[in-house]
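Undergrad: Following this message is one structure expressed as structure tokens.
Derivation of every value follows stated rules applied to the coordinates shown; laboratory data play no part. These numbers come from a predicted model, not from an experiment. Using ideal geometry, Cβ is built from the backbone for each residue, glycine included, and neighbour counts are taken over all protein chains shown.
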Amino acid sequence: MKINVNARIANPQMESLSTRRRGRQNDPDRHTPAGYAAVHPTVQTRLYIEEQLRECKLETDFDMEKLHVTLMYDKANPALFHPGSPLEYEARVVDADLYGDERDTLVLKLSSSGLEARFNYLRQAGYRHSYPTYSPHLTIKHPADEKDLALAKEMLGQGFFNEPLVFGGETWEPIVENYYAKD
């Protein structure tokens, strides 16, 4: 299956801070079952995101080390193993919304044919996504409310986040409930 739709081989100098911290990218000998896969912003993309949030004055104490885009969230089948991918994916911010059962997580909705292709590849490899559809997004604030959503939509209308975002450093981990809980 051909995956390369807006994807490229990752540049080692551009690997994400999250990947270096975890140190588990593309490790086929890792013995931890994982049903959760994510890609992380490159250093340049993370700095751009931080700058954009600062400039638009969206107040958040969100840990920027936790920035990621989920590729797969498979609660039903967490024991499959996967070595990850060295690809990077470009994404464009297309909207903002509140996600979660309580609608208390502010996300930037992304458009990326590369992320969609990787998700479809993983489904064909046997993973079963735990949500009805795949919606690539980047969480920028939790907890959040309608005022935060209105500000995010306003900032998008003013041209914030108009540059492409780049994600790579695919990681695989066990699913962690309450991921955004403060440590």
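Undergrad: If you add up the charges near residue 60, with Lys and Arg at +1 and Asp and Glu at -1, over every other residue whose beta carbon is less than 9 angstrom from its beta carbon, what do you get?
TA: For residues surrounding residue 60, the net value is -2.
Undergrad: Could you tell me the relative contact order of the range 42-123? Use alpha-carbon pairs under 8 Å, at least six residues apart, and round to a whole percent.
TA: The value is 22 percent.
Undergrad: To continue, here is another question. Near residue 134, within a Cβ-to-Cβ distance under 11 Å, what is the net charge of the other residues, with Lys and Arg +1 and Asp and Glu -1? Please list the in-between numbers first.
TA: Numbers: positive: 118, 123; negative: 116.
Result for the local shell: +1.
Undergrad: Taking square-rooted eigenvalues a ≥ b ≥ c of the alpha carbon gyration tensor, is the range 35-183 rounded, prolate or oblate, where a/c under 1.5 means rounded and, failing that, a/b exceeding b/c means prolate?
TA: Since a/c reaches 1.5 and a/b is larger than b/c, the shape of the range 35-183 is classed as prolate.
Undergrad: Within a Cβ distance under 14 Å of residue 149, other residues only, what is the Lys/Arg minus Asp/Glu net charge?
TA: Working: positive: 103, 109, 141, 147, 153; negative: 59, 95, 97, 102, 104, 145, 146, 148, 154.
The answer is -4.
Undergrad: Projecting each Cα onto the charge dipole of the range 27-175 (Lys/Arg +1, Asp/Glu -1 at the beta carbon, about the Cα centre), which of 93, 40, 111 comes out farthest on the positive side?
TA: So the residue furthest toward the plus end is 111.
Undergrad: Where Rh denotes the Kirkwood radius from the mean inverse Cα pair distance, what is Rg over Rh for the range 89-165?
TA: With Rg and the Kirkwood Rh in hand, the quotient comes to 1.02.
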